[in-house]
Structures are given as C-alpha cells and as structure tokens.
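Below is one structure, written out as structure tokens, with a few remarks after it.
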Amino acid sequence: MGRGRVDLKRIENKINRQVTFSKRRSGLLKKAREISVLCDADVALIVFSTKGKLFDYSNEPCMKRILERYERYSYAERQLAGDDQAPNENWVIEHEKLKARVEVLQRNQRNFMGEDLDSLNLRGLQSLEQQLDSALKLIRSRKNQAMNESISALQKKDKSLREHNNLLSKKIKDKEKELAPQEQDGLQNNMDVTSVLVTQPPESLTIGNWMKKVKPVSSYMQ
C-alpha cells in the first residue's frame, strides 16, 4: 500500500512539526549530497529552523565560494534586467543580499569562537580546523615578529644610552683635567700667603722692642 498524499500546509501540532522538520531536513541534506556526488554539481544548502538554528551543506570545503559565485551570477542577471526593475526593488534585493552576508559572517564568527558547531558536518569541521590552524600560525608568526622588533628597539636604545653615558664621562674627565692646574695654582697661592703671615713678626712686638732700646729722657738729664 503506497503512502497517502500529504497536504502541503503548516502543521499545527508543535511536536509533529518538529519531527517532520527533522526528517525532511535529513532527507534534504541526503539528496543534496547525492546530487553533488552523482552529478559532480556544486551544491550549497542552507536551512533555518523556526528557532533560528542554521543547518547547511556544501560540497566545497568552504560554502563562501559557492555563495560568492551565486552572488556574481545573480548580480549579472539583475544587471541585465535592471532596466525593467524599479529602484526600490533594487534596494530591497541589495538589502537582502547584505543581510545574508552578515548572517554568514556572524555564523562563521560563532564557529571560530567554538559555538554552534552542531550544525557543521565532518567536512565543515575539517575546514574550520584548517582555517584556525592557518590563523594560529599567522598569529604566532606576527607575535614573534613583534617580539623581535621590540627586542631590537630595546637593544638600539640601550646602545644609544651607553654611548651617551660614555660621552658624558669623557666630558667630565676633560673638565677635571682643565680645572686641575687652576686648583693647584690656587692652592699654591694660599700656601704662600699663609707662609708670609706666619713668618712676619707682629707689628706690636716690633714697636715694643724699639721702646726697650730707647732710653728714657730722664736718664740724659741726670
């Protein structure tokens, strides 16, 4: 007995709707894989659940290539039919296009942060791992380059400070050599003045001796 015809209308029962979505989603992903393998076709499948959860499939390691190809193709078609479309319609299409790209970028960002990985298949996980490995290698290479540049800058600064310090030390030594004779002459002059002051008799003592030698006037009168 064959299966009965299913009416294509919204399933009101929430549980039945979720079960149907899960089954149909699995079948749709299976058909997408089959057509990509059997017919060597480029397939990109994107499905959002009612809760906003993303399910996708791509025969390419990165779905971005197929989406960019689709955008180029659809853009060319819009250019051919651009004269027949109103400006508002072009803006609406462009808005939807940018919105879809933003959603893809946000999903990729969440994947890079380790979130929403349940929606990725094995090929998608391998592609994500390769992208993370490549990014990690670039980050480490840039970090090593920055460290080497910082070390080189510090070495140059240290060399400059040493040279400046040596220059200051040389100037101080030259200044000391210039001042040494002047200080020696000044010290010699001070020693000569001190010697003169010590050897010269006080004036009061000389006058006293002179008074002792001179006889009093009364002695001549006697």
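The values are calculated or read from the model by the stated rules, or taken from the named source; none is laboratory data. These numbers were taken from a predicted model, which means no experiment stands behind them. Using ideal geometry, Cβ is built from the backbone for each residue, glycine included, and neighbour counts are taken over all protein chains shown. These accessible areas exclude ligands, DNA and RNA; they are computed on the full protein's heavy atoms, side chains included. Shrake-Rupley method; radii C 1.70, N 1.55, O 1.52, S 1.80 Å.
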For segment 34-41, indicate whether the set of residues that are at pLDDT 85 or above, open to solvent by 100 Å² or more (accessible area, probe 1.4 Å) and not in a loop (DSSP other than H, G, I, E, B) is non-empty. yes
If residue 222 satisfies all but one of (1) within 30 Å of residue 63 (Cβ to Cβ); (2) at pLDDT below 65, what's the number of the condition it fails? (1)
Answer with yes or no whether residue 119 is small (Gly, Ala, Ser) and either over 29 Å from residue 134 (Cβ atoms) or modelled with pLDDT of 80 or more (or both). no
Collect the residues in segment 18-27 that are surrounded by 13 or more Cβ atoms within 10 Å (Cβ to Cβ) and out of contact with any strand residue (DSSP E or B) (no Cβ under 7 Å at 6 or more places or on another chain), keeping them in residue-number order. 18, 20, 21
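The rows are residues; the columns are (1) open to solvent by 100 Å² or more (accessible area, probe 1.4 Å); (2) in contact (Cβ under 8 Å) with a residue 40 or more places away in the chain.
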{"residue": "95", "(1), (2)": "yes, no"}
{"residue": "115", "(1), (2)": "no, no"}
{"residue": "119", "(1), (2)": "no, yes"}
{"residue": "127", "(1), (2)": "no, yes"}
{"residue": "137", "(1), (2)": "yes, no"}
{"residue": "153", "(1), (2)": "no, no"}
{"residue": "160", "(1), (2)": "no, no"}
{"residue": "167", "(1), (2)": "no, no"}
{"residue": "173", "(1), (2)": "yes, no"}
Whether any residue in segment 119-131 is part of a helix (DSSP H, G or I) and touching a Lys or Arg at 6+ places or on another chain (Cβ under 8 Å) is what I want to check. yes
Quick check, is residue 57 touching a Lys or Arg at 6+ places or on another chain (Cβ under 9 Å) and at pLDDT below 75? no
